[in-house]
1. Taking the range A:192-216, which residues are within 20 Å of the chain's Cα centre (by Cα), under 21 Å from B:N142 (Cα atoms) and either crowded, with 19+ Cβ neighbours inside 10 Å or within 13 Å of another protein chain (Cβ to nearest Cβ) (or both)?
2. Which residue is modelled with the lowest pLDDT, if the candidates are limited to the range A:9-30 and must be over 16 Å from A:K144 (Cα atoms) and within 14 Å of another protein chain (Cβ to nearest Cβ)?
3. Return the residues of the range B:223-249 that are within 12 Å of chain A (Cβ to nearest Cβ), touching a Ser or Thr at 6+ places or on another chain (Cβ under 9 Å) and crowded, with 18+ Cβ neighbours inside 10 Å; say none if nothing qualifies.
4. (1) without any contact (Cβ under 8 Å) to a residue 60 or more places away in the chain; (2) in contact with a Phe, Trp or Tyr (Cβ under 6 Å, 6 or more places away or on another chain); (3) part of a helix (DSSP H, G or I): which one isn't true of A:N246, the others all being true?
5. Pick out the one residue from A:N249, A:N254 that is modelled with pLDDT of 90 or more and more than 8 Å from chain B (Cβ to nearest Cβ).
6. Among the residues of the range A:67-114 satisfying the criterion of being at pLDDT below 85 and surrounded by fewer than 15 Cβ atoms within 10 Å (Cβ to Cβ), which is nearest to A:R212 (Cα to Cα)?
7. The conditions are (1) without any contact (Cβ under 8 Å) to a residue 12 or more places away in the chain; (2) of a type outside the set (A, V, I, L, M, F, W, C); (3) buried (at least 19 other Cβ atoms within 10 Å of the Cβ), and B:H15 fails exactly one of them. Which is it?
8. Does the range B:102-109 contain any residue that is surrounded by 17 or more Cβ atoms within 10 Å (Cβ to Cβ), more than 8 Å from every other protein chain (Cβ to nearest Cβ), touching a Leu at 6+ places or on another chain (Cβ under 8 Å) and at pLDDT 90 or above?
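The values are calculated or read from the model by the stated rules, or taken from the named source; none is laboratory data. Keep in mind it's a predicted model, so treat the numbers as computed, not measured. Methodologically, a virtual Cβ is constructed for each residue, glycine included, from the backbone with ideal geometry; neighbour enumeration extends over all protein chains shown.
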Amino acid sequence: MVTWQEIIQCYHVKYYNQISKVTKPASDLLDIACVNYLKICNDARFVYLTNLPECVEYYVSEQVYRCDPYFKHPDFFKPGFSWEENSSSENYKKCLFKINNKFNLYSPLVLIGKGINYVEMFSFFGSSSEAIQTLHLKYPHLLKVFAEHYKRELNPLLNKMEEEGFSLIDLQGESFYTDSPDSSIKTESIYAFLIALGKKAEVERASSLSSRERDCLRLLLRGNSAKDTATELNLSPRTVEFYLGNVKNKLNCNGKRELCSIGREFENLGLL
Amino acid sequence: MLTWNEIVQKYVVGHSDRVKTIAKPLMDHLRVAEFFYVRINHQGQLIWLGNHPACSEWYIDQRAFIVDPCMKHLSAWQSGVSLLEVIAPSFRKNFMMEVIDLFDFTSSWIVLSKREIDFVELFGFIGEKGSPIEKVYLNHSNLLKVFAEHFKKEMQPTIRQMERESISLADLMGKDFYSGFRTIHPALDPATYQAFLEDCGMRSQMEKAALLSERERQCLKLFLLGKSAKETAIDLSLSPRTIEFYFENIKNKLVCQDKASVFGFGRELENLGLL
């Protein structure tokens, strides 16, 4: 059974230099003092890295993980940004406050991404609360660029840790499966809101797409070829073409160009 | 000349029922308790509407406009989505803190600003206590933009009328209107931005983006929006053949084989803020 101490010693401390080097652009140029990476699979396997092992030591000694809303089953997460100001438990807020006092780290901005059977998160702790809030105001895309860079550079280490098969249930027990209060905006609310503003046709067309079709359209808009999309979604290129054909029919589009412009409109409305 | 009180009574209170009806989707689905609209032009002409008369009356009582960045000369603003407490800490200290308790608001207030050459429009969204307004700010600001357009369309007659009646902030506030209030819009300096991208392994993208001329950049942006060469030509007042010529250049400069790969690479550059 894995323990917190093992994780800290065998990963955070041992690979400290390598991790700090990759985190350096964020800490040197964006005033982000601490970056944590967490990947959680549906079967509770997890990968957890940090550039600040002493902070994790403290986190463990104070048992913050007991009230941490992020060490949970992937089903509880929605992709996007999150920043636990008002919505998290009093307990967790108190813990963050202590960490802030001891290490000068402010409430993290968390970037959440979802895969088919996992969720991954980057928590960015600024060295002042302004640093991180203002960074988000103008440059959320830089954090995404950084996230890609981090995963690329640390890929071998991330794979190694994933292969170890550490289980979060060892560390969290059954609370791994209990929901923390979810404060995200529900999809139904978004649809109802847009319909009230006269966007009924768009909502209906977008919701006629299956989740696979939506994935393919989203990746098409990112500029993926059918082949790229196929690799990313673990499908054959012909299946991807088939899905995109369906999307074209459902949205009444003649060509790819029209598909792209309708897709971008959906994207702007937050419907993809 | 109208006084602040008369303005609130005549416009904000007078139209609040109509604004409430339009803002109902905000309350029903996003739990926004107060919505306000402010438009100020270069000369200080003010248009001000809102759905929460009690809060507006309190605002006037407290003379909060003195510290409110939303009632200052438009040079304080850029376009974007911000949190008022972050860009205007003194307004937070001197007004927001009190109002939050008084009216059960969230401590985060979202402002969507649209800066045009000679006026600025501000749309304010304040959540009811306990509502996930930060999540709206972080992930769904597009919804607020859709609402802003909807609101302007629905309220156009009223906005026109206020335009004609021309209330002047410069008259109301005197030199306070111009008093060196600056909202904080921190920006990374371009060198830091570049260095960051380079450290994250984006060097070749940056070099390729730098090769594009201004015209080529415009064509690429319109192409990414899904426009055809013909539509792009009309938008830029050029001939379609010129557009095709630019497009060939773009393809060569970005080392792309076909339109599909230009689209992909172009989106990547857009996401990096390099277009």
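1. Hit for the range A:192-216 is A:D215, nothing else.
2. Taking the candidates together, the pick is A:D28.
3. In the first step, residues of the range B:223-249 are kept if they are within 12 Å of chain A (Cβ to nearest Cβ); the result is B:223-232.
Checking the rest, the ones that are also touching a Ser or Thr at 6+ places or on another chain (Cβ under 9 Å) come to B:223, B:225-227.
B:F223, B:G226, B:K227, listed by residue number.
4. (2)
5. A:N249
6. By that ranking, first place goes to A:S89.
7. The failed condition is (1).
8. Residues of the range B:102-109 surrounded by 17 or more Cβ atoms within 10 Å (Cβ to Cβ): B:105-109.
Going one step further and asking which of them are more than 8 Å from every other protein chain (Cβ to nearest Cβ), we end up with B:105, B:109.
Narrowing further to those that are touching a Leu at 6+ places or on another chain (Cβ under 8 Å): B:109.
Adding the requirement that they be at pLDDT 90 or above leaves B:109.
Scanning the range B:102-109, I find at least one residue that is surrounded by 17 or more Cβ atoms within 10 Å (Cβ to Cβ), more than 8 Å from every other protein chain (Cβ to nearest Cβ), touching a Leu at 6+ places or on another chain (Cβ under 8 Å) and at pLDDT 90 or above, so the answer is yes.
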